[in-house]
Amino acid sequence: MIWADTSYGDRILILPSLLAADFGRLADGAKAAEAAGADALHIDIMDGHFVPNLSLGPDVVRMARRTVRIPLSIHLMMTNPGAYLERFIEAGADIVLIHIEVDGDIAGMLRRIRELGARPGITLNPATAAERVFDCLPLVDEVLCMTVNPGYGGQAFMAEVLPKIALLRAQMLARGLTAAISVDGGIDLTTAPRAVAAGANALIVGTALYRLADMTAGVMALRRTAQAAFPRRPA
């Protein structure tokens with residue numbers, strides 16, 4: 001599986017976000033991401049409680065699983081993600097991200113995701129300190145730093161998150177951990193290299209890709225621009 005190498009390697013991962021696709025043609029949006037050379041497809045799940053919006057559900061994940069072969073990264077913006085893990089993984093999720101800000105046994109939920117056969121990830125909102133997820137780092141394959149306040153697409157990138165990304169990368173390198181650091185929110189040709197220079201190696205991109213007539217060219221340009229900003233790895 002392409003996503004199997006999530007470590008801090010030399011390749012930038014690009015994940016188009018289906019939230020930015022035409023909701024009347026979601027299958028076509030999923031196919032477009034795969035055809036464009038994306039490494040995975042990102043699907044946002046919003047419950048109207050944890051964030052002030054509703055979006056998608058297990059049936060959309062099931063549709064995407066039937067439609068494309070690339071991995072599916074499922075971001076659960078939900079107050080009670082633990083109650084829905086099995087549904088989304090049975091529907092075809094390869095990566096499942098939950099938020100550190102929710103109540104409940106976070107470590108237990110992350111372990112349950114792996115037991116069910118998917119890769120666990122933890123997400124931080126912009127206002128959440130990096131230290132909140134330090135205990136979770138050995139349990140996850142991905143740390144998602146939101147670079148907008150979650151709930152709606154098309155928001156502007158919040159540069160104040162960049163030091164948090166750098167702190168998380170430094171913490172993982174110091175502890176010999178190799179989880180991917182992904183960023184989501186306002187990612188484009190200008191902001192992607194800034195996030196990568198700080199330590200991110202997976203870019204979740206919505207509007208900046210789905211608004212293009214040629215998504216393939218967009219993915220290639222993002223990968224090239226971000227790769228040029230990739231920091232030299234420690235010896």
**Message:** Just to be sure I understand, how many residues within segment 170-198 are within 20 Å of Thr225 (Cα to Cα) and basic (Lys, Arg)?
**Reply:** 1
**Asked** Only one of (1) hydrophobic (A, V, I, L, M, F, W, C); (2) touching a residue at least 40 places away in the same chain (Cβ under 8 Å); (3) in a helix (DSSP H, G or I); (4) within 24 Å of Leu54 (Cβ to Cβ) is not met by Leu137, so which one is it?
**Response** (4)
**Fill in**
With the first residue restricted to segment 94-111 and required to be farther than 19 Å from Pro126 by Cβ, and the second required to be surrounded by fewer than 16 Cβ atoms within 10 Å (Cβ to Cβ) and not aliphatic (A, V, I, L, M), Cβ contacts under 8 Å at 6 or more apart or on different chains are Gly104/Asn80; Ala107/Asp135
**Message:** Considering only segment 50-62, I want to know if a residue exists there that is under 15 Å from Asp141 (Cβ atoms), modelled with pLDDT of 95 or more and either surrounded by fewer than 20 Cβ atoms within 10 Å (Cβ to Cβ) or of a type outside the set (A, V, I, L, M, F, W, C) (or both).
**Reply:** no
**Request:** Identify, by number, the condition in (1) closer than 17 Å to Ala20 by Cα; (2) of a type outside the set (Ser, Thr, Tyr); (3) buried (at least 23 other Cβ atoms within 10 Å of the Cβ) that Ala179 doesn't meet.
**Result:** (1)
**Asked** When you scan segment 39-67, how many residues do you find that are in contact with a Leu (Cβ under 6 Å, 6 or more places away or on another chain) and part of a loop (DSSP other than H, G, I, E, B)?
**Response** 3
**Request:** Write out, first by first residue and then by second, each pair whose Cβ atoms fall under 9 Å of each other, whose residues are 6+ apart or on separate chains, and whose first residue, in segment 165-188, is over 16 Å from Val140 (Cα atoms) and touching a residue at least 60 places away in the same chain (Cβ under 8 Å) while the second is buried (at least 23 other Cβ atoms within 10 Å of the Cβ) and hydroxyl-bearing (Ser, Thr, Tyr).
**Result:** Asp184/Ser17; Asp184/Thr123; Asp184/Thr147
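The values are calculated or read from the model by the stated rules, or taken from the named source; none is laboratory data. Predicted model, so just to flag it, every value in this text is computed and none were measured. Note: ideal-geometry Cβ built from the backbone for every residue, glycine included; neighbour counts use all protein chains shown.
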